[in-house]
1. For residue 16 paired with residue 148, estimate the spin-label separation in nm (one decimal), with each label point 7 Å from Cα along the Cα-to-Cβ line.
2. To check my understanding: the extent here is largest minus smallest coordinate of the Cα atoms along each principal axis. What are those three numbers for the range 35-106, in Å, largest first?
3. Subtract the Cα-Cα distance of residue 128 and residue 43 from 0.36 nm times their separation in residues, and report this length gain in nm to one decimal.
4. Could you pull the accessible area for residue 15 with a 1.4 Å probe, rounded to 10 Å²?
5. Looking at the calculated P(r) for the range 3-162, what percent of the C-alpha pair distances fall above 22 Å?
6. Among 100, 151, 14, flag the residue with its Cα farthest along the positive direction of the charge dipole of the range 3-162, charges on Cβ as +1 for Lys/Arg and -1 for Asp/Glu.
7. With every protein chain left in place, what is the accessible area of residue 121 in Å² (1.4 Å probe, nearest 10)?
8. Are there any chymotrypsin sites (Phe, Trp or Tyr not before Pro) in the range 31-131 that are in a DSSP loop and have at most 16 other Cβ atoms within 10 Å? List them by number.
Amino acid sequence: MEARTVTLMVSLFSILNTFQFFILDIEQLTHIGYEEKFSLYLDTKSALASWILTHRSTVAGLLSLITVAVSCGLLYSVHQNSYKGLLLYALWIVAFELGSFSLLLYTSGLVRKQFRVLTHLCLVLQVSRMVLHFACLPCVLRHSYELFEAFKIVTKIGHRRRSSVSTVDSWPPAGLKLLYRRFI
């Protein structure tokens, strides 16, 4: 497959996968019960941990929104043959996946013993998403490099100096007919 085709598939995969994990993150339970609510997480005195647990869905939503925007930018960059959008996507996906993984590791240490199986499931899903994103990055970077090389060649051609002498004045005295036959 061509790098362009793979990059298009990566952008669509990234958009759909981000929506899927956004829905899973938003619908994830933190409390069980109807009248008496039982928390899945341990009580902590850490301000950072309580802030993360309180605003986890907001942070996940913001990261997902940025990822969808960057993935749409990747789709547009492939369409416009721009290498900058591909590089931005590669940098963002690395930052997004590492940030999501570190948040998941931090919050998995705060889960009660009875619900540790859920954290293992979340870790498996997160690692599988990371593997899929990181496995596609070499194709995106290769396509970005191909576009960069093509951009460099076009830029070099555009910077050639123009002669101050008119091209009509530099024609040979025999005329264009002989010049044309020479190139055939």
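The values are calculated or read from the model by the stated rules, or taken from the named source; none is laboratory data. Quick caveat, the model's predicted, so the values are computed rather than measured. All Cβ positions, glycine included, derive from the backbone under ideal geometry; neighbour counts span all protein chains shown. Just the protein is used for accessible areas: all its heavy atoms, side chains included, with ligands, DNA and RNA removed. Shrake-Rupley method; radii C 1.70, N 1.55, O 1.52, S 1.80 Å.
1. Simple spin-label model gives 3.0 nm for this pair.
2. Principal extents (Cα only, largest first): 55, 25, 15 Å.
3. Length gained between residue 128 and residue 43: 27.6 nm.
4. Residue 15 exposes around 20 Å² with every protein chain in place.
5. In whole percent, the share of Cα-Cα pairs in the range 3-162 beyond 22 Å is 51.
6. Most positive-ward Cα: 151.
7. 100
8. On the way: sites: 34, 38, 41, 51, 76, 83, 89, 92, 96, 101, 106, 115; in loops: 34.
The qualifying sites are 34.
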